[in-house]
Amino acid sequence: MTMSSLPPDHLVQYIGGEFTETGREFLNHFKELGQLKPNHHVLDVGSGVGRMAMPLTNYLSKDGAYHGFDLSKEGIDWSNAEIASKYDTFTFTHVDLFNPLYNPSGTLQASSFAFPYEDNSFDFVFLTSIFTHLLEQELEHYTAEISRVLKKGGRCLMTFFIVNEESAQLIHAGQSSQPFFHANGISLVVLPDAPNAAVAYPEDWVSALLTRHGLKQESIHYGSWCGRTTFTSYQDIIIVEKS
C-alpha cells in the first residue's frame, strides 16, 4: 500500500485514525483468531473508508470475494474509486442508515435494515467498532442479519466493549479510557445525551444474544480499553461460528 492510496486525512480521522496500522493488526486477527482463508467470501459490516479492505486486497485470492457496506457515502465513494476499481472481487455499497452522530439525515433504521445480501452468502463476516456504537434493538437486529447471511460453519469476528467483573472494577477505579457510568436499557454509555458515541454491554447478555441467533461463541479476547495490562487489541474481540 502506497501513500498515494491512503484516504484524505479527514476520512482517516472519521474512522479514528491509524489507517494502515489498524488494518494490518486486524488482518492478523482475521487469520489467526477468525481462521480467515484466502478463498473465503467476506462481508465487512461498516466498511468505513476501506481500512480493513485494503490489506485484504493482498490476502484474498481470485476465488475469494469482499463485500462492504457503510453509511458514509464519501467513504464508500473513495473505496470504490481507490480499491474496487483496481480489484474486481471487491464491492462497496452505500446504505443511507440513520445515525444521530454519523448520518443524522439517513432514511433507513439500523433496527430494521436488511443487509443487501442473500442468505448463507459468506464464509466470514466481521464488524470492527460497530457494536460499540449500536443500541440494544439495533444490535439485536444486526446479530440476526449476521446469522442469516453467514454460511453454516461460517465465522464472525466482532468487537465490543464488554462489561464483566474485571472491566467493571477498572471502570469504577477510574482506569478505563471509556467512562461507562450511565445506564441505557441493558447497556452502559459514556454520554447519556449521545448514547451511540460509545456503548458497552454485559458479557452474559451478549453471550445469550449470540446463542439465541444460532451463533456459537468460540472465543473472547479482552481489550485494553478498560485499563487491562494484558490484552489482544483495544476493544474486546469475540469470535463466533454459525451452528
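The values are calculated or read from the model by the stated rules, or taken from the named source; none is laboratory data. Remember, predicted model here, so these are calculated numbers, not experimental data. No Cβ is skipped: glycine too gets one built from the backbone with ideal geometry, and neighbour counts run over all protein chains shown. Surface areas here come from the heavy atoms of the whole protein model, side chains and all, with no ligands, DNA or RNA. Shrake-Rupley method; radii C 1.70, N 1.55, O 1.52, S 1.80 Å.
Of all residues in region 37-78, those satisfying the criterion of being of a type outside the set (D, E) and in a strand (DSSP E or B) are H41, V42, L43, V45, A65, Y66, H67, G68, F69. Within the set S121, S147, S129, the sole residue that is under 17 Å from V240 (Cα atoms), in contact with a helix residue (DSSP H, G or I) (Cβ under 6 Å, 6 or more places away or on another chain) and open to solvent by 10 Å² or more (accessible area, probe 1.4 Å) turns out to be S121.
Return yes or no: is A65 farther than 19 Å from G17 by Cα, without any contact (Cβ under 8 Å) to a residue 12 or more places away in the chain and open to solvent by less than 40 Å² (accessible area, probe 1.4 Å)? When the stated conditions are applied, A65 does not pass them.
Whether any residue in region 160-170 is in contact with a strand residue (DSSP E or B) (Cβ under 6 Å, 6 or more places away or on another chain), at pLDDT 95 or above and on the phi > 0 side of the Ramachandran plot is what I want to check. No, region 160-170 contains no residue that is in contact with a strand residue (DSSP E or B) (Cβ under 6 Å, 6 or more places away or on another chain), at pLDDT 95 or above and on the phi > 0 side of the Ramachandran plot. Within this structure, F115 fails the test of being touching a residue at least 12 places away in the same chain (Cβ under 8 Å), out of contact with any helix residue (DSSP H, G or I) (no Cβ under 7 Å at 6 or more places or on another chain) and over 26 Å from L6 (Cα atoms). The criterion of being basic (K, R), under 20 Å from K242 (Cβ atoms) and either out of contact with any strand residue (DSSP E or B) (no Cβ under 7 Å at 6 or more places or on another chain) or open to solvent by 60 Å² or more (accessible area, probe 1.4 Å) (or both) does not hold for K86. Residues in region 181-203 that are part of a loop (DSSP other than H, G, I, E, B), of a type outside the set (D, E) and either open to solvent by 60 Å² or more (accessible area, probe 1.4 Å) or under 13 Å from Q235 (Cβ atoms) (or both): F181, G185, I186, L191, P192, A198. For region 120-176, the tally of residues that are in a strand (DSSP E or B) and hydroxyl-bearing (S, T, Y) stands at 1.
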